[in-house]
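Let me begin by presenting the structure, written as structure tokens, before commenting on it.
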Protein chains: 2
Amino acid sequence: MADAPQKIQPRTLKGFRDILPELAIPRERLVVQACEVYRSFGFVPIDTPALEYLEILAGKGSDETDKQMYRFQDGGGRDVGMRFDLTIPFARFCAQHIGELGTPFKRYHIAHIWRAEKPQRGRYREFMQCDFDTIGTESLSSDVETLLVIHDLLLRLGFEGFRVRINNRKVLSGYLEEKGLRDRSVPVLRALDKLDKIGEEKVIAELEREAGMQTGDAQDFLRLTSVSGAPEEVLGEVANLMGDSALGQRGVEELRTVLTAARDAGVPDSRVALDLSIARGLDYYTGTIYETLLDDLPSIGSVCSGGRYDNLAELYTKQRLPGVGASLGLDRLLAAMEELKLLEARTSTASVLVPFFESERLGDYLAVCARLRREGIDVEFYPEPKKLGAQLKYADRRGFPLALIIGNDEWEQGQCQLKVLESGETVSVSLEGLASAIRDRL
Amino acid sequence: MADAPQKIQPRTLKGFRDILPELAIPRERLVVQACEVYRSFGFVPIDTPALEYLEILAGKGSDETDKQMYRFQDGGGRDVGMRFDLTIPFARFCAQHIGELGTPFKRYHIAHIWRAEKPQRGRYREFMQCDFDTIGTESLSSDVETLLVIHDLLLRLGFEGFRVRINNRKVLSGYLEEKGLRDRSVPVLRALDKLDKIGEEKVIAELEREAGMQTGDAQDFLRLTSVSGAPEEVLGEVANLMGDSALGQRGVEELRTVLTAARDAGVPDSRVALDLSIARGLDYYTGTIYETLLDDLPSIGSVCSGGRYDNLAELYTKQRLPGVGASLGLDRLLAAMEELKLLEARTSTASVLVPFFESERLGDYLAVCARLRREGIDVEFYPEPKKLGAQLKYADRRGFPLALIIGNDEWEQGQCQLKVLESGETVSVSLEGLASAIRDRL
């Protein structure tokens with residue numbers, strides 16, 4: 001006998017993973033729900049290619065994203081890269097199309113990105129990003145709306161306990177300006193961004209070392225960022241700390257406008273917090289900034305973050321495009337839902353399994369299933385006339401709520417047995433009244 | 001004055017494109033509708049990485065797909081490729097996970113694939129694929145179901161006039177077996193697959209040249225494939241032509257079973273055609289095969305094609321995995337809808353635009369919008385208090401059906417002006433009764 005040909009080992013690349021139904025089903029639901037929320041505010045979808053000219057991507061993020069980018073030469077000798085975020089492709093997109101699209105332009109983009117990060121538990125080299133932005137306006141109305149979208153997103157995805165923390169870069173910059181440290185804002189903000197992770201002492205050390213701050217100034221600065229209490233009081237106190245800095249005072253006013261309008265629009269105070277310590281390490285934010293923590297799992301970090309920027313696409317066009325937006329961490333949210341046991345174990349998409357056992361009745365079974373589908377009930381038909389036990393075991397394993405059993409006796413009487421799988425309860429139902437009997441049990 | 005830094009030319013790679021809202025909106029709708037249909041039959045979603053080890057992909061499609069594959073060495077020195085279809089990753093996926101998932105396993109997968117094809121009008125190097133398969137069963141029930149899914153998909157996506165053409169590889173192979181030409185099935189099927197494109201005469205020439213057929217046999221073969229008429233008659237005639245070939249007779253029986261059960265399940269005869277000329281060039285189909293043509297645009301080719309195969313994942317596992325499935329050509333359908341003028345020109349996702357003109361009323365406007373959203377109405381708020389004319393022009397350009405105008409007088413009276421943009425008709429509505437007034441006009 002000849003040797004069987006050698007099998008190729010089936011495996012995914014390091015840092016990559018398959019998404020099995022138990023994760024793909026809730027992920028698909030989250031995507032659909034997120035789209036519904038975006039659309040309810042008039043955001044429109046777009047898509048851009050996974051591959052871009054390298055010159056579009058390289059040197060546009062950080063040193064880190066540059067290093068982590070998948071890049072190669074294509075068959076035509078072009079240097080190309082796989083996108084590592086959705087912001088840079090969006091900037092390129094706007095530079096090309098904004099004339100045709102007009103402003104304001106509100107888009108969302110849900111797509112995969114790739115980063116060759118060092119693989120860690122829960123971190124992958126391919127993940128789904130879910131961004132939304134409003135481009136071409138400086139109106140604070142869009143800053144408020146960004147907060148409303150984040151709020152509605154979290155609610156729609158099934159979270160009740162969460163808090164959107166907001167800050168304004170102008171407050172931080174104004175304070176530094178007031179202290180004559182304006183030119184050191186980059187290292188200052190980078191240090192501040194680590195506060196949650198490394199603690200006050202180390203941040204002060206970094207402020208001294210990297211931003212050349214005096215110890216006293218560094219401590220004062222951290223005091224500013226830790227002012228807390230009811231928003232009105234915090235804003236008053238912070239306004240005092242801003243002194244003569246016009247920039248800082250403007251930041252305070254912007255925060256006040258955003259907080260007031262969000263409250264008017266129905267966002268409960270418990271879900272918004274003014275937090276002067278959040279900085280969002282990236283340098284390009286210039287106004288409102290957002291982070292979102294889950295009450296039950298703050299350790300997972302921010303699940304929706306973003307901010308306002310002055311000019312999105314300056315590398316690609318002379319047209320100035322201010323905007324504001326945020327990014328929903330879909331994979332992080334899914335991981336949180338898994339940890340919080342919010343994901344159903346069910347891996348069926350249909351609610352009803354119809355076992356197949358009278359093999360000469362194939363057309364009849366399929367006709368019943370088709371009729372139920374037309375009534376809006378999702379039905380899976382088991383493809384083989386196996387023993388009933390094996391088919392019900394399949395239904396149990398996938399977590400079907402109901403099974404619909406029709407044998408020859410039932411076919412002759414126009415009846416069927418509707419079985420609730422969790423309780424084992426079985427009722428006899430006429431084929432006519434089937435749809436409503438099923439709906440009553442879902 | 002210093003020179004402004006040189007701008008990078010914003011452009012996409014040759015053969016790639018951005019998806020603007022006018023296309024992204026209907027594409028998103030098609031994807032959601034397709035998912036609903038798949039789920040209504042109990043198919044479950046999965047996802048696999050865009051990148052695979054090169055050895056998983058290379059040499060698994062055709063010479064052409066090998067040549068068109070984007071491949072490179074990653075930072076860790078691994079040879080990797082970007083997937084060029086969803087079938088090979090699915091085979092690899094099943095080899096890895098089917099033990100855990102169990103059979104039958106019904107999955108759908110909607111994802112991008114990449115092929116460095118020669119760019120042509122309407123052909124891109126990145127496109128969205130939309131596959132569904134039932135794995136781990138040889139039951140013809142799944143062949144019928146595949147036909148039902150194709151039928152429901154097209155209906156759900158808004159097509160009334162279409163026809164699923166079905167054939168069975170066993171009929172073609174049985175006939176060749178009967179004629180002593182079984183070993184030449186590959187070149188024969190390849191030639192047959194070109195019938196629509198190059199015509200009878202050239203196919204006969206190719207059958208002679210590539211498959212070594214006698215002219216008479218080639219003509220007989222084409223006669224078989226052109227038998228037409230009511231399914232029962234065609235099947236009878238074809239059964240005769242099969243002679244003693246057990247394989248051929250089994251093919252006829254399978255076609256009969258599929259056609260009969262599909263009719264029982266409610267698929268109208270007008271939407272299914274037995275067509276012995278379809279071959280689906282690929283070699284791996286072994287039973288039922290499917291193609292789908294749009295009545296109004298047959299020239300665009302098949303929009304949903306597939307078939308039954310004996311063993312999905314033999315390159316990666318010893319476990320035999322028979323199955324049946326098909327692939328929905330989402331981008332081709334979108335192009336068809338564009339050509340048939342089935343796409344709305346509208347590029348807004350919300351139904352109502354709320355112009356902003358009393359700037360001190362920001363919170364009030366946002367509160368009205370939030371209330372409407374809670375009632376299920378999608379509302380976009382214009383972010384800047386510009387002149388009404390400019391805001392209504394924006395609404396017109398995006399194709400909003402309605403605008404909701406609230407000025408200071410209206411605020412004071414608890415009223416608003418609801419404007420139907422196409423007709424220009426404006427009615428005065430109380431803020432209380434707003435949601436139903438809007439619903440009446442959508």
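Residues that are outside any loop (DSSP other than H, G, I, E, B) and either free of Cβ contacts under 8 Å to residues at least 12 places away in the same chain or within 8 Å of chain B (Cβ to nearest Cβ) (or both) were ranked within the range A:100-117; the one that is nearest to the chain's Cα centre (by Cα) is A:His112. For first residues located in the range A:134-145 and aliphatic (A, V, I, L, M), partners that are in a loop (DSSP other than H, G, I, E, B) and lie 6+ apart or on another chain with Cβ distances below 6 Å form the pairs A:Ile135/A:Leu321.
Checked against (1) within 13 Å of chain A (Cβ to nearest Cβ); (2) farther than 21 Å from B:Ile19 by Cβ; (3) more than 29 Å from the chain's Cα centre (by Cα), B:Val324 meets all criteria but (3). The residues on offer are B:Leu20, B:Leu57, and the sole one that is more than 9 Å from chain A (Cβ to nearest Cβ) and crowded, with 17+ Cβ neighbours inside 10 Å is B:Leu57. Tell me, please, whether a residue that is closer than 30 Å to B:Ala95 by Cα and of a type outside the set (Ser, Thr, Tyr) can be found in the range B:331-348. There is at least one residue in the range B:331-348 that is closer than 30 Å to B:Ala95 by Cα and of a type outside the set (Ser, Thr, Tyr). Comparison of A:Gly216, A:Gly229 shows that the only residue that is assigned by TED's automatic domain parsing to the domain that holds A:Pro268, farther than 21 Å from A:Leu247 by Cα and assigned to a loop (DSSP other than H, G, I, E, B) is A:Gly229.
Scanning the range B:2-10 for residues that are out of contact with any Gly (no Cβ under 9 Å at 6 or more places or on another chain), closer than 27 Å to A:Val31 by Cβ and at the interface with chain A (Cβ under 7 Å from one of its Cβ atoms) turns up nothing. Assess whether B:Ile289 counts as being crowded, with 20+ Cβ neighbours inside 10 Å and under 30 Å from B:Phe127 (Cβ atoms). When the stated conditions are applied, B:Ile289 passes them.
Filtering the range B:30-44 to residues that are in contact with a strand residue (DSSP E or B) (Cβ under 8 Å, 6 or more places away or on another chain) and either within 17 Å of B:Phe105 (Cβ to Cβ) or facing chain A (nearest Cβ under 7 Å) (or both) leaves B:Cys35, B:Tyr38, B:Ser40, B:Phe41, B:Gly42, B:Phe43, B:Val44. Taken together, B:Gln73, B:Gln120, B:Gln129 contain a single residue that is without any contact (Cβ under 8 Å) to a residue 24 or more places away in the chain, more than 9 Å from chain A (Cβ to nearest Cβ), among the polar types (S, T, N, Q) and more than 30 Å from A:Glu360 (Cβ to Cβ), which is B:Gln120.
Looking across the range B:247-276, the residues that are among the hydroxyl-bearing types (Ser, Thr, Tyr) and at the interface with chain A (Cβ under 9 Å from one of its Cβ atoms) come down to B:Thr257, B:Thr260.
Exactly one residue out of B:Val352, B:Val379 is touching a residue at least 24 places away in the same chain (Cβ under 8 Å), over 20 Å from A:Ala34 (Cβ atoms), aliphatic (A, V, I, L, M) and within 11 Å of chain A (Cβ to nearest Cβ), and it is B:Val352. Total residues in the range A:273-332 satisfying the condition of being outside any loop (DSSP other than H, G, I, E, B) and in contact (Cβ under 8 Å) with a residue 24 or more places away in the chain: the figure is 28. For the range B:420-433, the condition of being closer than 26 Å to A:Leu147 by Cα and either in a helix (DSSP H, G or I) or in contact with a Phe, Trp or Tyr (Cβ under 7 Å, 6 or more places away or on another chain) (or both) holds for none of the residues. Restricted to the range A:144-203, and to residues there that are under 29 Å from A:Pro268 (Cβ atoms) and part of a loop (DSSP other than H, G, I, E, B), the residue that is nearest to the chain's Cα centre (by Cα) is A:Leu157.
The values are calculated or read from the model by the stated rules, or taken from the named source; none is laboratory data. Owing to the predicted nature of the structure, the values given are computational and were not obtained by experimental measurement. Cβ sites come from the backbone with ideal geometry, for glycine too, and all protein chains shown count toward neighbours.
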